[in-house]
Amino acid sequence: MTTHTVEFVDTGETVEVAETQTILRACIDAGLIAEYSCRVGMCLACTAEIVDGEVTQPAARALTEEEKTQFALTCMARPRSDLRLRGGVYPPSIEADREAAVGDD
């Protein structure tokens, strides 16, 4: 089974992730603190910016095809290479929606 190293550049944490495993599952199994909620790609809490590397995430329906090359939903994404991710970074369209929701409080 092929594994890849996933580094979170914002925390300096790394985890080994099998190509058949989601990044979030590997983080949970390794005891790393990972932000998530629904675990089915809808809440977007687990979104991370792809700094370097590639993932496959065909079930990540909340992202456009272009966004899937720049952002990973770690609950859906499986590595295709070693990765460097930055957690807590959202696509501009989602970030605008999040800021609007916070402003409504």
**Prompt:** Which residue pairs have Cβ atoms closer than 9 Å, lie 6 or more positions apart in sequence or on different chains, and pair a first residue in the stretch 76-93 that is within 18 Å of ASP10 (Cα to Cα) with a second residue that is basic (Lys, Arg)?
**Reply:** TYR90/ARG98
**Request:** Show the residue pairs that are 6+ apart or on different chains and have beta-carbon atoms under 6 Å apart, the first residue being within the stretch 2-19 and within 15 Å of ALA72 (Cβ to Cβ), the second being surrounded by 15 or more Cβ atoms within 10 Å (Cβ to Cβ) and of a type in the set (Ser, Thr, Tyr).
**Result:** THR5/THR14; GLU7/THR14
**Message:** Could you tell me how many of the residues in the stretch 1-20 are assigned to a loop (DSSP other than H, G, I, E, B) and either open to solvent by less than 50 Å² (accessible area, probe 1.4 Å) or within 14 Å of LEU85 (Cα to Cα) (or both)?
**Reply:** 4
**Request:** Give the residues of the stretch 35-49 that are surrounded by 21 or more Cβ atoms within 10 Å (Cβ to Cβ) and in contact with a Cys (Cβ under 8 Å, 6 or more places away or on another chain), sorted by residue number.
**Result:** CYS46
**Request:** Report, by residue number, each residue of the stretch 57-75 that is out of contact with any Pro (no Cβ under 8 Å at 6 or more places or on another chain) and either open to solvent by less than 60 Å² (accessible area, probe 1.4 Å) or among the small types (Gly, Ala, Ser) (or both).
**Result:** GLN57, ALA59, ALA60, ALA62, LYS68, ALA72, LEU73, THR74, CYS75
**Message:** I'd like the full set of residues that are in contact with a Leu (Cβ under 9 Å, 6 or more places away or on another chain) and β-branched (Val, Ile, Thr), limited to the stretch 23-61.
**Reply:** ILE23, THR47, ILE50, VAL51, VAL55
**Request:** Restricting attention to strands (runs of 3 or more DSSP E) lying wholly within the stretch 21-88, give those where 1 or more residues are of a type in the set (S, T, N, Q).
**Result:** 47-52
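The values are calculated or read from the model by the stated rules, or taken from the named source; none is laboratory data. It should be emphasised that the depicted structure is a prediction, and the values quoted were computed from it without experimental measurement. Every residue, glycine as well, gets a Cβ built from its backbone with ideal geometry; the counts of neighbours run over all protein chains shown. To get the accessible areas, we keep the full protein, side chains included, count just its heavy atoms, and leave off ligands, DNA and RNA. Shrake-Rupley method; radii C 1.70, N 1.55, O 1.52, S 1.80 Å.
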